[in-house]
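Reading through the structure tokens given below for one structure.
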Amino acid sequence: MIELYTAATPNGWKVSIALAEMKLDYEVRRIVLGDLEQKQQWYLKINPNGRIPAIIDQDNDDFAVFESGAILVYLAEKTSLFMPSDVKGRSIVMQWLMFQMGGIGPMQGQANVFYRYAPEKIEYAINRYQNETRRLYEVLDKRLQDNEYLAGDYSIADMATWSWAQGHEWGGISIEGLDNFKRWLDTVSERPAVKRGKAVPELIDLDTADEAKKEEIVKTVRNFLIE
């Protein structure tokens, strides 16, 4: 059994999607980011960085793993799924996984902050992060011209990248003209395990949420901005 500590964010969805794809049994512990639960001492013993997601593998002496990319690699190696066993194939998956971890995640994350949440609209910052994220999408589009998935076959690199890229509209990032990228987004979106994984934990609909839920979202955004 895997214990999953998570919240409804792109990094969280990477792991819940992987768990669904790999058909692993797991329990969900939703971390309330707005209450800074991720900074409490009990959680820092699991993830010293105080972020989500993290897992504890009960079948491996309660081994804890933090950082979403590291969790994906751990689960792929545990199950021998979605990661090739040959050196070349493994390297290709790792390259595209690192492309997401070092590029798309940080750049799109900043695009989201400056476009959606920053109290002051700084056009230079908005344009910089939107344009850089768009450039990274163009790299993906070129890669996907001759490949159905990023590493050839569907892999943890696709799970990681899709979890961020599917939210391009939230960051105000256009994908106009990126036909290969759009095709890939749609293909991954239709996978049953991706749909199940993205629903973990439950999403909060601002239009129907009660006041307590809305306040939780506001607190979450505020705490992300000041960290």
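Before moving on, here are some points about what is shown:
- The set of residues in the range 25-45 that are more than 25 Å from residue 193 (Cβ to Cβ), within 19 Å of the chain's Cα centre (by Cα) and assigned to a loop (DSSP other than H, G, I, E, B) contains only 32.
- Residue selected from the range 193-203 under the condition under 14 Å from the mean Cα position of the chain (by Cα) and hydrophobic (A, V, I, L, M, F, W, C), by the criterion surrounded by the most Cβ atoms within 10 Å (Cβ to Cβ): 194
- Among residues of the range 144-181, those that are farther than 25 Å from residue 15 by Cβ and either buried (at least 22 other Cβ atoms within 10 Å of the Cβ) or not polar (S, T, N, Q) (or both), counted: 6
Conditions (1) small (Gly, Ala, Ser); (2) farther than 19 Å from residue 105 by Cα; (3) touching a Lys or Arg at 6+ places or on another chain (Cβ under 6 Å), marked per residue:
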residue	(1), (2), (3)
1	no, yes, no
7	yes, no, no
21	no, yes, no
43	no, yes, no
49	no, no, no
67	no, no, no
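- Given (1) within 16 Å of the chain's Cα centre (by Cα); (2) at pLDDT below 95; (3) of a type outside the set (Lys, Arg), index of the condition residue 72 fails: (2)
- Breaking point among (1) surrounded by 19 or more Cβ atoms within 10 Å (Cβ to Cβ); (2) of a type outside the set (A, V, I, L, M, F, W, C); (3) assigned by TED's automatic domain parsing to the domain that holds residue 32, for residue 100: (3)
The values are calculated or read from the model by the stated rules, or taken from the named source; none is laboratory data. Predicted model, so just to flag it, every value in this text is computed and none were measured. Counting neighbours? That spans all protein chains shown, and the Cβs are built from the backbone with ideal geometry, glycine included.
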